[in-house]
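The values are calculated or read from the model by the stated rules, or taken from the named source; none is laboratory data. On a predicted model such as this, the values are computed, not experimentally measured, just so you know. Every residue, glycine as well, gets a Cβ built from its backbone with ideal geometry; the counts of neighbours run over all protein chains shown. Accessible surface is based on the protein model in full, side chains and every heavy atom, while ligands, DNA and RNA are left aside. Shrake-Rupley method; radii C 1.70, N 1.55, O 1.52, S 1.80 Å.
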Amino acid sequence: MQLEAQLAPYAALAATSRGRHHVEERSMARGEFQRDRDRVIHCTAFRRLEYKTQVFVNHEGDLFRTRLTHSIEVAQLGRSIARHLRLNEDLVEAISLAHDLGHTPFGHAGQDALNECMREYGGFEHNLQSLRVVDVLEERYGAFDGLNLTFETREGILKHCAEDVARTLGDVGERFLDHTQPSLEAQIANLADEIAYNNHDVDDGLRSGLITLDQLVEVPLFRRHFDEADRLYPQASERRRINETVRRMINALVLDLVAHSQANIAAAAPASIAEVRGGPQMIAYSESARLESLVLKRFLRDNLYQHYLVQRMSTKGRRIIRELFRSFMEDARLLPPQYQAKAEADRARAVADYISGMTDRYAMREHRRLFTVEET
Ligand code: MG
């Protein structure tokens, strides 16, 4: 366990935590954020991340990232950055591992389709759903719903939120109304997420053949590090040079983020987490790294996420989500019994909870069960 006395005074500390909804005795063996992390790892939604899409649908290949491996990469990057800055690694890890728990099957296409279906019923947003998973949907305790995580972990999970929704969320909604910042640990998890997906999508994109080296060398951030790998290891296989490049890009972005954030923190000189919340955003890239990272992001959007083969899969995913939603809304008796009970109170929300909890393959199987006569 990281000793809190060794952390910076503006780190999130158990001693100054805003606590849990349901008061629990402190553990002698584990810190409060460590307990949050452990609760996330043991929850059902966490195990489902293994079979949820990041960009490629789970059955498309064994080597592509899933939401589970993505979340582990985010936690690894986040911990490294937090350690550099003497911030709370356990909190960053808890937030990172939980940040995608509310994702639907079929990635962003799935979330867009479900949001569309839910338009008249309050909408659907995966980030808000991650909070709903840890606050309400997990059923692991006798005394309460959800995982009863600390305020700081929940604050970090809720990355963005519209004001009308924020008004309904109590403590974690406040910062979207008074426009204050979350902890530095939450800010780190947010940027670690971006570093992770930009770089692993380069890797997976090349591996899948949907984007090529010839295209990527047009992206300055990639080009610089690829040239360096080429110069150092001209005899190495292309795969090794690509791995060297991705490794160097991640390292460069992390080091830039650490250095620039360190300078921001020094300039703002917060004395406590309360002053962090009242200050500017301090975890940030330098302007040049931010722009380079943006160019990479746009490249991936235009060439990978919009690739016609990715679009075809997305369209199939959206269709599955829409058809499942329509079936369950027309006849709640098609829902598994535990969701039928919930549907009595709010059918649309119960259906959205059921569908968003599905893995890619479970959604495909459920779709076949409902629409194919031969399927058992
Ligand atoms: Mg993510």
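Here are a few things to note about the model shown:
- Residue check, Pro270 over 26 Å from Ser183 (Cβ atoms) and either without any contact (Cβ under 8 Å) to a residue 12 or more places away in the chain or open to solvent by less than 60 Å² (accessible area, probe 1.4 Å) (or both): no
- Selection within segment 205-241 - β-branched (Val, Ile, Thr) and within 27 Å of the chain's Cα centre (by Cα): Ile211, Thr212, Val219
- Single residue of segment 78-101 satisfying the filter (over 18 Å from Thr150 (Cα atoms) and open to solvent by less than 10 Å² (accessible area, probe 1.4 Å)) that is nearest to the ligand (Cβ to nearest atom): Gly78
- Residue in segment 170-181 that is under 18 Å from the mean Cα position of the chain (by Cα), more than 16 Å from the ligand (Cβ to nearest atom) and assigned by TED's automatic domain parsing to the domain that holds Leu63 present: yes
- Scanning segment 116-131 for residues that are assigned to a helix (DSSP H, G or I) and over 16 Å from His160 (Cα atoms) gives Glu116, Cys117, Arg119, Glu120, Tyr121.
For (1) open to solvent by 40 Å² or more (accessible area, probe 1.4 Å); (2) of a type in the set (A, V, I, L, M, F, W, C); (3) in contact with a strand residue (DSSP E or B) (Cβ under 9 Å, 6 or more places away or on another chain), each residue gets a yes or a no:
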site	(1), (2), (3)
Arg132	yes, no, no
Gln181	yes, no, no
Gln187	no, no, no
Ile195	no, yes, no
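- Residue in segment 286-293 that is of a type outside the set (Phe, Trp, Tyr), surrounded by 13 or more Cβ atoms within 10 Å (Cβ to Cβ) and assigned to a loop (DSSP other than H, G, I, E, B) present: yes
- So Gln311, is it more than 25 Å from Arg67 (Cβ to Cβ), assigned to a helix (DSSP H, G or I), open to solvent by 20 Å² or more (accessible area, probe 1.4 Å) and free of Cβ contacts under 8 Å to residues at least 24 places away in the same chain: no
- Any hit, segment 142-156, residues being modelled with pLDDT of 95 or more and within 14 Å of the ligand (Cβ to nearest atom): yes
- Here Arg223, Arg239, Arg231, Arg247 are screened, and the one residue that is under 23 Å from Gln306 (Cα atoms) and surrounded by fewer than 16 Cβ atoms within 10 Å (Cβ to Cβ) is Arg223.
- Scanning segment 134-146 for residues that are assigned to a loop (DSSP other than H, G, I, E, B) and open to solvent by 10 Å² or more (accessible area, probe 1.4 Å) turns up Glu138, Glu139, Arg140, Tyr141, Gly142, Ala143, Phe144, Asp145.
- All of Ile72, Ile41 fail the test of being aliphatic (A, V, I, L, M), open to solvent by 30 Å² or more (accessible area, probe 1.4 Å), at pLDDT 95 or above and within 16 Å of the ligand (Cβ to nearest atom), apart from Ile72.
- Considering the conditions (1) surrounded by fewer than 16 Cβ atoms within 10 Å (Cβ to Cβ); (2) not in a helix (DSSP H, G or I), Cys161 is excluded by exactly one of them, (1).
- Against the list (1) aliphatic (A, V, I, L, M); (2) closer than 30 Å to Ile265 by Cβ; (3) open to solvent by less than 20 Å² (accessible area, probe 1.4 Å); (4) part of a helix (DSSP H, G or I), the condition Leu177 fails is (3).
- Any hit, segment 353-360, residues being in a helix (DSSP H, G or I) and at pLDDT below 95: yes
- Selection status of Leu149, of a type outside the set (S, T, N, Q), buried (at least 21 other Cβ atoms within 10 Å of the Cβ), out of contact with any Lys or Arg (no Cβ under 7 Å at 6 or more places or on another chain) and within 28 Å of Glu4 (Cα to Cα): no
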